[in-house]
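Just so it is clear, none of the values below were taken in a lab; they were calculated from the coordinates. Predicted, not measured: the structure shown is a model, and the values here were computed from it. Ideal geometry is used to build each Cβ from the backbone, glycine not excepted, and the neighbour counts take in all protein chains shown.
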Amino acid sequence: MARKYVYGDKPIRTTTVEIVEKEFGGKATAAQVDAVLRHLFAHYKDDTHLNLVVNSVNCNRGHWSFNRTARRTDDVNHRHHEYDRLYKNGKVFEVYDPVLHGVFEIYESFDGKWLTRPVKSEFELQIEAAIELTSEKRREKLSTASATPERIIVSTYEFKRNPLVVAEVLALAKGKCQYCLKNAPFRREDGRPYLEVHHVEWLANGGEDSVENAIALCPNCHREAHFGKLELKPVN
Ligand SMILES: [Zn+2]
Ligand SMILES: [Zn+2]
């Protein structure tokens with residue numbers, strides 16, 4: 001006997017994604033998808049936003065058992081790959097494309113939570129492998145390696161950031177790091193204090209390119225925000 005579903009002939013998680021794909025040409029907000037579902041099913045009262053999040057590669061979605069399994073979002077053979085179908089870009093959910101959006105992974109954190117992060121680059125993985133070697137082994141490999149780096153052509157996907165956001169946040173910071181509150185460590189050639197504008201919720205995780213989501217940091221705090229454990233809160 002065919003399985004019965006509350007809404008239509010397939011799981012609502014699947015229908016929700018298909019509406020983004022087919023009704024909105026691959027980009028829609030939760031409110032837009034919600035309106036279609038209410039139109040399709042008179043008795044609809046599911047949580048559309050959650051059904052979108054469960055399918056979104058850059059959202060933490062370990063709440064669902066099938067997302068508590070380590071995988072990369074470009075692993076088309078993974079048994080749960082069918083849930084790696086959307087990318088959350090601010091309020092808009094769009095059809096996920098690993099080439100455009102980058103690859104993410106679901107991993108278990110040291111305290112047992114299932115989280116999402118961008119996958120490390122090949123270079124970072126190679127460095128980690130090299131750190132594992134003994135110094136002797138590294139020296140041995142270095143002795144036969146070429147000291148002239150190979151040149152390659154790289155194409156990368158970048159966000160086109162709004163210069164107004166950068167300028168406004170720098171104006172608000174008045175030359176001080178908005179995290180450690182110390183003065184900028186040096187001035188640029190033109191005399192402006194050197195600070196870097198960072199996004200509290202990363203653009204790669206769907207954060208907005210807005211003054212509210214941006215913070216001016218000194219280079220030390222900025223590095224720590226990316227590679228350490230700095231807990232940032234919006235200040236602007
Ligand atoms: Zn700082
Ligand atoms: Zn940053």
Fewest to most Cβ atoms within 10 Å: C180, C218 sort as C180, C218
Cα-Cα over 24 Å, subset of K22/K91; K45/K88; K120/K176
K120/K176
Taking the Cβ of D34 as the center, what net charge do the other residues with Cβ under 10 Å away carry, scoring Lys and Arg +1 and Asp and Glu -1?
-1
At a Förster radius of 30 Å, what calculated FRET efficiency corresponds to the Cβ-Cβ distance of R38 and V235, to the nearest 0.05?
0.20
With helices defined as uninterrupted DSSP H runs, which ones in the chain have an alpha carbon span along their own long axis of at least 24 Å and mean Kyte-Doolittle hydropathy of at least 1.6?
none
Scaled to the compact-protein estimate 2.2 N^0.38 Å, what is the alpha-carbon radius of gyration of segment 25-124, rounded to two decimal places?
1.15
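Can you give the FRET efficiency to the nearest 0.05 for R188 and S135, using r as the Cβ-Cβ distance and R₀ = 35 Å?
0.35
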Could you work out the percent of alpha carbon pairs in segment 138-192 separated by over 16 Å, rounded to a whole number?
70
Hydrodynamic radius (Kirkwood) for segment 168-222, which is based on Cα pairs only, to one decimal in Å
11.4
Subtracting the Cα-Cα distance from 0.36 nm times the residue separation, let me have the gained length for D9 to K27 in nm, one decimal.
4.1 nm
In units of 2.2 N^0.38 Å, what is the alpha-carbon radius of gyration of segment 9-68?
1.10
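Using 1/(1 + (r/R0)^6) with R0 = 22 angstrom and r between the beta carbons of R223 and A167, what's the FRET efficiency to the nearest 0.05?
Calculated transfer efficiency: 0.45.
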Roughly speaking, what % of Cα-Cα pairs in segment 95-236 are separated by over 28 Å, rounded to a whole number?
41
Quick one: check the C-alpha center-to-center distance for segment 194-213 versus segment 41-62, whole angstrom.
25
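Using Stokes-Einstein with the Kirkwood hydrodynamic radius over Cα pairs, what translational diffusion coefficient do you get for segment 195-236 at 37 °C and a viscosity of 0.692 mPa s, in µm²/s rounded to a whole number?
The diffusion coefficient I find is 320 µm²/s.
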Whole-number percent relative contact order across the chain, with pairs defined as alpha carbons under 8 Å at least 6 apart
14
Point-to-point label distance, A145-H49, nm (Cα→Cβ direction, 7 Å offset)
4.8
